[in-house]
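K.L.:
Supplied in structure tokens, the structure appears directly below.
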Amino acid sequence: MHLAMPSPKHQIGIIVGSLRRDSINRKIANSIAAFTSDWLECDFIEIGDLPLYNEDDEGNPAPAVQTFRDRVRVVDGVLFVTPEYNRGVPGVLKNAIDIGSRPYGQSVWDKKPAAVVTVSPGAIGGFGSNHHLRQYSVFLNMPMMQQPEAYIGQVGGESFDTTGQLRDGPLKDLVIKVAQAFADWVDLIIRGKMLISEDAAHSARS
């Protein structure tokens, strides 16, 4: 059952791993943002303008790098929506993950609840990139939503209406289920962190 809507709504950063103008992953991400508008405040955090990560630049990071880190740092959770390239995540997304994880000890990903949705015209639905991101989340210390898994395959232009939103049907029903579960997941993790913090404060006063 869906949890009561949190107040205020949690702010979510959506990161799309495809730069293609007519990306089906971006269309799915747009649909998720629309479906969760009553529960989540979704903000698309773009990665296409980020330079390749180079530790030599840390003393004077590019404005796009600083903006990206600042925007991820303030959100309550992160939703990755991405295709699969060569059985892994697209290079542009891996680059963004590396940029957000540095400098060492200052990762913007730390403790942020996350979920991954992979979308593909093929049958396996981006299984490889989905699990790459799940592996990354372990080291990044991001509590990753485990269920429902979202390998969304056999998606094409006919899956969307003229506004770019999903048409009614099983695919839309699945995406809504994933979106609702993610809203609940973010709320669960944030409430849990608040309770731990309150318990620690109470113990310190005892």
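The values are calculated or read from the model by the stated rules, or taken from the named source; none is laboratory data. Only a predicted model underlies this, so the values are computations on that prediction, with no experimental measurement involved. Don't worry about glycine lacking a Cβ; one is built from the backbone with ideal geometry, like all the others, and counts go over all protein chains shown. SASA here: full protein model, heavy atoms, side chains in, ligands and nucleic acids out. Shrake-Rupley method; radii C 1.70, N 1.55, O 1.52, S 1.80 Å.
K.L.:
Answer yes or no: is there a residue in segment 24-32 that is within 30 Å of Gly122 (Cβ to Cβ), open to solvent by 60 Å² or more (accessible area, probe 1.4 Å) and either free of Cβ contacts under 8 Å to residues at least 40 places away in the same chain or among the charged types (D, E, K, R) (or both).
P.N.:
No, every residue in segment 24-32 fails to be within 30 Å of Gly122 (Cβ to Cβ), open to solvent by 60 Å² or more (accessible area, probe 1.4 Å) and either free of Cβ contacts under 8 Å to residues at least 40 places away in the same chain or among the charged types (D, E, K, R) (or both).
K.L.:
Looking at segment 112-144 only, could you name the residues that are part of a helix (DSSP H, G or I) and out of contact with any strand residue (DSSP E or B) (no Cβ under 7 Å at 6 or more places or on another chain)?
P.N.:
Residues satisfying the conditions are His131, Gln135, Tyr136, Val138, Phe139, Leu140.
K.L.:
Does Asp173 satisfy the criteria of being under 24 Å from Glu41 (Cβ atoms) and acidic (Asp, Glu)?
P.N.:
The answer is yes for Asp173.
K.L.:
Within segment 50-104, restricting attention to residues that are at pLDDT below 95 and among the small types (Gly, Ala, Ser), which residue is farthest from Val116 (Cα to Cα)?
P.N.:
Gly59
Yes or no, residue by residue, for (1) farther than 22 Å from Lys27 by Cβ; (2) in contact with a Leu (Cβ under 9 Å, 6 or more places away or on another chain); (3) of a type in the set (Ser, Thr, Tyr):
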position: Asn60; (1), (2), (3): yes, no, no
position: Val65; (1), (2), (3): yes, yes, no
position: Arg73; (1), (2), (3): yes, no, no
position: Val81; (1), (2), (3): no, no, no
position: Gln106; (1), (2), (3): yes, no, no
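K.L.:
How many residues, within segment 161-171, are open to solvent by 40 Å² or more (accessible area, probe 1.4 Å), assigned to a loop (DSSP other than H, G, I, E, B), free of Cβ contacts under 8 Å to residues at least 24 places away in the same chain and within 16 Å of Ile24 (Cβ to Cβ)?
P.N.:
4
K.L.:
Something else about it: Can you tell me which residue in segment 145-160 is most open to solvent (accessible area, probe 1.4 Å), limited to those that are out of contact with any Gly (no Cβ under 8 Å at 6 or more places or on another chain) and outside any loop (DSSP other than H, G, I, E, B)?
P.N.:
Glu158
K.L.:
With Pro83, Pro90, Pro63, Pro113 as the choices, which residue is open to solvent by 50 Å² or more (accessible area, probe 1.4 Å), out of contact with any Asp or Glu (no Cβ under 7 Å at 6 or more places or on another chain) and not aliphatic (A, V, I, L, M)?
P.N.:
Pro63
K.L.:
So if I check each of Glu46, Glu41, which one is part of a strand (DSSP E or B) and open to solvent by 70 Å² or more (accessible area, probe 1.4 Å)?
P.N.:
Matching residue, one of Glu46, Glu41: Glu41.
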